[in-house]
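Report on the following structure.
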Amino acid sequence: MNNFLMNTYHRLPVTFVKGNGAWLYDSSEKPYLDFTSGIAVNCLGHNHPALVHAIAAQAEKLIHTCNYFQSETALLFAEKLVAACAGAFMKKVFLCNSGAEANEGACKIARKYSLAKYGPGRHTIVTLKGSFHGRTITTLSATGQEKFHKDFGPFTEGFVYIEGNDLNTLEKALDQKTVAGFLLEAVQGESGIRPQSDEFIGAAAKLCAERDILLMFDEIQCGLGRTGTFLACEQYGVKADVVTLAKGLAGGVPAGAFLAGEKTAEVLQTGDHGSTFGGNPLASAAGAVVLDTVANPVFLGEIKRKGQKFKTVLESWNHPHIKEIRARGMMLGIDLDIEAWPILEASLKDNPGLLLLSAGTNTLRLLPPYIISDAEIDQGLEILKKMLR
Ligand SMILES: *Cc1c(COP(=O)(O)O)cnc(C)c1O
């Protein structure tokens, strides 16, 4: 077949045509157990009845109206979202379509907040090495990984990268005179499930509060229940100024959001920001179902329990090829002493297949759908074990 898509992805030779729960099926009906959730997007799995129903019902009524008009669907979604993020003390939300767009919004809040209060020159945003914040020029500028930067400069000015979990650099980098915000993932996803320590985030929160620097959590991968609390930053007991979400926010319909706390809720005013599709009725209706399902203590408890099961089974193998397992809820990084990509390809070829993600050369990354059953976890891990032999 002719291929008119730009060659930007390393695509595997499989075409999925349908899904159900934790399973996907290719054009020859072969089943694959999904340990990836489309990179933390299909958090309710595939073909989830309530989600499908809400999308179909909304599509029959109204798919889109522009943001020049009121939208009850968007208001309802926003109300649920702010309530779900109460653990991080969020007060207001801007609805957009993707992670990069959400992080762009966070940067805009930090820049305007600081400019209005302290005047020009205090615009730097500190981020972490190994972070991933998106693919637009500004969110690439925020991303602390060289490999994404080559070929695309010049970049947006005013980003500084520091080592995570390092209290000494933190204290110096969060300079009261030049820094507007500190943007970080509490658990880095793309670089292989790397959590920040309690001490590091505790110190960051304290310094940010003292110096009036905005503490901004990129929860695009680690948020939305992934670590067993609605937001990963909740587990550190700190107060955030901005939180960004996307990926699983509408269970597969494109959606993103940035939320603001007490200090920052009123920074953006009429005309300051916008997004044509942001919070459109279709995405808002889908997002409401995700929040109704996930932002629930019983459901979050199940994510914790299932995540622990993954970890316990993996550890019980004492596998010679596994060097380290990092787990936070249903977010797992498995460091191997061999390359991860051949394992991923072999698992795909097995029957039933198993879908895995990699991170870097030697790390496997698991982001299973929350609705996966215990029996499916066991079945998938057996396939992985066979592939590691
Ligand atoms: C995926 C991701 C992004 C970018 O999201 P897009 O929707 O692809 O723009 C930003 N931050 C984190 C932590 C992510 O995992």
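None of the figures in this text is laboratory data; all of them are computed from the coordinates on show. It should be emphasised that the depicted structure is a prediction, and the values quoted were computed from it without experimental measurement. Neighbour counts are summed over all protein chains in view; Cβ atoms, including those assigned to glycine, are modelled from backbone coordinates with ideal geometry.
Based on alpha-carbon atoms, the Kirkwood radius and the radius of gyration of segment 122-211 give Rg/Rh equal to 0.96. A compact globular protein would have a Cα radius of gyration near 2.2 N^0.38 Å; the ratio found for segment 34-114 is 1.33. Would you look at the GNM of the chain, springs on alpha carbons closer than 10 Å, and say which of Lys304, Lys206, Lys117 moves the most? The residue with the greatest mean-square fluctuation here is Lys117. For segment 58-135, the relative contact order comes to 22 percent (Cα pairs under 8 Å, sequence separation of at least 6). In terms of modelled amide H atoms, which long-range or inter-chain residues lie less than 5 Å from the amide H of Ala22? Excluding prolines and chain starts, which carry no amide H, the hits are His46.
Its Cα centre serving as origin, the chain has a Cβ charge dipole (Lys and Arg +1, Asp and Glu -1) of approximately 180 debye.
Antiparallel DSSP bridges in the chain: what percent, to the nearest 5?
On the way: 32 of 51 bridges.
For the chain, the DSSP antiparallel bridge percentage is about 65.
The distance from the alpha carbon centre of segment 75-135 to that of segment 281-338 is 25 Å, rounded to a whole number. Here the contact order of the chain, divided by its residue count and restricted to Cα pairs under 8 Å and six or more residues apart, works out to 23 percent.
With θ taken as phi - 60° and the Karplus curve 6.51 cos²θ - 1.76 cosθ + 1.60 applied, the whole-hertz 3J(HN,Hα) list for segment 3-14 is 10, 9, 7, 4, 7, 9, 10, 7, 8, 7, x, 9 Hz, x standing for glycine and proline. Backbone geometry of segment 79-89 corresponds, through the Karplus equation with coefficients 6.51, -1.76 and 1.60 at θ = phi - 60°, to 3J(HN,Hα) couplings of 4, 5, 5, 5, 5, 5, 9, 5, x, 9, 6 Hz, x marking Gly and Pro. Taking amide H atoms as placed 1.01 Å from N in the peptide plane, list the residues 5 or more away in sequence, or in a different chain, whose amide H sits under 5 Å from that of Asn165. The list, which skips near neighbours in sequence, is Ser197. Highest mobility in the GNM of the chain, judged by mean-square fluctuation with C-alpha springs under 10 Å and restricted to Gly38, Gly360, Gly251, is found for Gly360.
Evaluating 6.51 cos²θ - 1.76 cosθ + 1.60 at θ = phi - 60° for every residue in segment 360-365, the Karplus couplings come out as x, 7, 10, 10, 8, 10 Hz, glycine and proline recorded as x. Legend: distances between Cα atoms for Lys80/Lys108; Lys18/Lys80; Lys80/Lys239; Lys150/Lys323; Lys129/Lys304; pairs beyond 26 Å are Lys18/Lys80; Lys150/Lys323; Lys129/Lys304.
Across all C-alpha atoms in segment 250-389, the radius of gyration and Dmax reach 19.3, 59 Å. Add -39500 (n - 2.57) for each DSSP H run of 4 or more in the chain, then divide by its residues: what number comes out at 222 nm, to the nearest 500 deg cm²/dmol? Helix-only estimate at 222 nm: -11000 deg cm²/dmol.
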